[in-house]
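Inspection log for the structure reproduced underneath, given as structure tokens.
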């Protein structure tokens, strides 16, 4: 499935996987994020075994028929961080990165905290 954009130069099709990787990369850069929670255990387990990082893990892209774009993100936060601030920062950064890189207007970024981990100092 792709997201279609029309410009004066022609059409651009961006796969939802690309959008998920950009959103995941933006989220992982935020303070307080330990990682993304996996939605597909077997596939991501093999990716981790091979030593490749999957930034799209834990990101679900939904496009409405009206063209609205919604993103669900499943994240793991560090112990001792203020979860509401971390979630707000992730929402802001993901919206900003997708607007800057792809020109996409994101209607909503829904954050689902899947776990809390202790970060070693």
If you line up the long axis of helix 83-102 against the longest principal axis of the chain, both from Cα atoms, how many degrees apart are they, to the nearest 10?
30
FRET efficiency, 1/(1 + (r/R0)^6) with R0 25 Å, evaluated for residue 110 and residue 11 via beta carbons:
0.30
Nearest-0.05 FRET efficiency for residue 119 and residue 21, computed from C-beta distance (R0 22 Å):
0.35
At q = 0.10, 0.17, 0.23 Å⁻¹, what base-10 log of I(q)/I(0) does the Debye formula yield for the chain when every alpha carbon is treated as an equal point scatterer in vacuo?
-0.32, -0.86, -1.35
Ranking of 4, 107 by count of other Cβ atoms within 10 Å, fewest first
4, 107
Using the basic label-point model (7 angstrom from Cα toward the beta carbon), what is the residue 99 to residue 2 distance in nanometres?
2.6
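Coordinate-derived values only; no laboratory data. Since this is a predicted model, take the numbers as computed values, not measurements. Note that each Cβ is placed from the backbone with ideal geometry, even for glycine, and that neighbours are counted across all protein chains shown.
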